[in-house]
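Single-structure report; data block below.
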Amino acid sequence: MGFPRDTKFKSEYLIIRVPKISDIVKLINCYHYLSERTKRFFHPFPENRFNFTWIILSLSCLKTIRRLLLKIVPRFVYLSLCSIYMNELVGFAFIKLANRFYGELGIFVRDDCQGMGIGTKLMDRLIKMAKKEGIKKVRLTVLADNYRAIRLYEKFGFKKIKIIRGGDVYRGEKHDCIEMWLNL
């Protein structure tokens, strides 16, 4: 998995859209092939490929079911987008709803596609989607040493609220993280 280094990125081939059910398998595979560094920065999903989280994410891809869940159990809804480049999933962003008006954000871009503006495009579209759905606040936590992500979040108006010492655990190791909020 990966593009040859001499391949020039052409943004006109980048597609950002709501995931289809068929994209979930691509997402699972893409997530499992991320570098350890990227997984340390982004690990909201279980390593187990068959888990309730993946089922909820799959159901949220179906517009009719997502609309129904928003009305009856919004905490089972993901507002999500994927980025597809040359028929490969290269990025993913979501807001996992806690209730009808508030959710938690997560985003990743595949290692070999970082630094190409894909994260910015995903964030822009996801925030517009959240506003359209009536979301009022978005929260996230980011590892304190993930400077690139922090800059991206601040660019979109997220404000640092607090530092959480040892607030994130990855592979048994504690890491400091920063809580950030955005009012929409």
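The values are calculated or read from the model by the stated rules, or taken from the named source; none is laboratory data. As the structure is a prediction and not an experimental result, all values here were calculated from the model. Here Cβ is always computed from backbone atoms with ideal geometry, including for glycine, and neighbour counts include all displayed protein chains.
If you go through segment 130-181 and keep only what is more than 20 Å from Ser35 (Cβ to Cβ) and in contact (Cβ under 8 Å) with a residue 60 or more places away in the chain, you end up with just Glu133. Condition first: surrounded by fewer than 16 Cβ atoms within 10 Å (Cβ to Cβ) and in a helix (DSSP H, G or I). Can you find one or more residues in segment 75-96 that meet it? Yes: one or more hits. All of (1) at pLDDT below 95; (2) touching a helix residue (DSSP H, G or I) at 6+ places or on another chain (Cβ under 8 Å) hold for Leu105 with one exception: (1).
Before we move on, is Asp145 within 23 Å of His175 (Cα to Cα) and touching a Ser or Thr at 6+ places or on another chain (Cβ under 7 Å)? Against the criterion (within 23 Å of His175 (Cα to Cα) and touching a Ser or Thr at 6+ places or on another chain (Cβ under 7 Å)), Asp145 does not qualify.
Residues in segment 1-17 that are in contact with a helix residue (DSSP H, G or I) (Cβ under 8 Å, 6 or more places away or on another chain) and modelled with pLDDT of 85 or more: Leu14, Ile16. A search for C-beta distances below 9 Å between a residue of segment 77-95 that is under 19 Å from Leu34 (Cβ atoms) and any residue that is among the acidic types (Asp, Glu) and in a strand (DSSP E or B), counting only pairs 6+ apart in sequence or on different chains, returns Phe94/Glu104. Note on segment 113-140: residues that are crowded, with 17+ Cβ neighbours inside 10 Å, modelled with pLDDT under 95 and either of a type outside the set (A, V, I, L, M, F, W, C) or touching a Pro at 6+ places or on another chain (Cβ under 6 Å) (or both) amount to 1.
Looking across segment 81-133, the residues that are over 14 Å from the mean Cα position of the chain (by Cα) and of a type in the set (Phe, Trp, Tyr) come down to Tyr85, Phe101, Tyr102. Candidates in segment 15-36 are the residues that are in a helix (DSSP H, G or I) and hydroxyl-bearing (Ser, Thr, Tyr); of these, the one that is surrounded by the fewest Cβ atoms within 10 Å (Cβ to Cβ) is Ser22. Restricting attention to segment 12-38, the residues that are acidic (Asp, Glu) and under 15 Å from Leu122 (Cβ atoms) total 1.
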